[in-house]
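The values are calculated or read from the model by the stated rules, or taken from the named source; none is laboratory data. Note that the structure is a prediction, hence the values are computed from the model and not measured. Heads up, the Cβs are rebuilt from the backbone with ideal geometry, glycines too, and the neighbour counts pull from every protein chain shown. For the accessible areas, the whole protein counts, side chains as well, though only heavy atoms, and no ligand, DNA or RNA atoms are used. Shrake-Rupley method; radii C 1.70, N 1.55, O 1.52, S 1.80 Å.
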Amino acid sequence: MLFSYILLGLSLSAPIGPINAAQLDKGIRYGFWHAWLVGVGAMCADALFMLMIYLGLAQYVELPLVKTFLWSFGAFVLIYTGIESMTASHTKETDRSFSSTKMKAFRTGFLMALSNPLNILFWIGIYGSILAQISSQYEHAQLLVYSGGIFIGIMLWDLTMAGAASGARRWMTARLLRGVSVFSGLLLIGFGLYFGYQAIKMFVG
C-alpha cells in the first residue's frame with residue numbers, strides 16, 4: 001500500500017512543467033544542489049497545500065479574487081525567472097556560482113509551486129480524493145504514513161532530475177549550456193504568459 005503511494009508521488013512529479021524546467025536549468029548551470037533545492041522548495045509548497053486540504057481551507061482557493069491573484073503572481077514569478085535564466089546564460093562560468101545562491105534556488109521552487117493555480121487545483125483533486133478515501137478506512141497515523149509515501153515519491157523524482165541535470169552539465173560545451181538556459185527560460189516565459197492570459201480572463205470575466 002505504501003509502495004503504491006510512493007509510485008503516485010513519482011507520477012505526480014513526472015509531467016514536464018515549470019518546476020522541472022527550472023530544475024533542468026539550475027542543474028545544468030549550477031550543479032546538483034541548486035537543482036535539488038528547487039525541488040525541495042516546490043515540495044514544501046506541496047506540503048502546505050496538503051495541510052490546507054487536510055484543514056478544509058482549500059475551498060477558499062476557488063474564490064475568483066484568489067484565483068486571479070494566483071494567476072497574476074504565478075505569471076510574474078515565471079516570467080521573471082525565465083528572463084533571469086536567459087540573461088544569466090551570458091555570464092561567465094566563473095561568475096555563475098555567485099549569481100545564484102542555494103537559498104534563491106529554494107525560493108524559486110517554493111514560489112513557483114505556491115503561485116501555480118494548476119498545482120493547487122491538482123492537489124485539491126488528487127489529494128482531496130485520497131484524503132476522503134483514506135480517512136474513512138484508516139486512522140490518522142496511517143494517513144500520515146501514506147501522505148509521507150507521496151512525498152518519498154516526489155523526493156525520488158527531484159533527486160533523479162537533479163542528478164540527471166547536473167550529470168549532463170559535465171558533457172556540455174559552454175555554447176550548449178547557454179542554449180539550454182535560453183530554452184528553459186523561454187519555456188518558463190511561455191508558462192508565465194499562459195498564466196497571465198488566465199489572469200486576464202478571470203479579471204475580465
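Here is a check on your reading of the model: is Met103 at pLDDT 75 or above and open to solvent by 20 Å² or more (accessible area, probe 1.4 Å)? Taking the combined requirement at face value, the residue satisfies it. How many residues does segment 153-174 hold that are open to solvent by 60 Å² or more (accessible area, probe 1.4 Å), free of Cβ contacts under 8 Å to residues at least 40 places away in the same chain and in a helix (DSSP H, G or I)? Residues meeting the conditions: 1. The residues on offer are Leu131, Leu177, and the sole one that is closer than 16 Å to Leu55 by Cα, modelled with pLDDT under 75, part of a helix (DSSP H, G or I) and more than 21 Å from the chain's Cα centre (by Cα) is Leu131.
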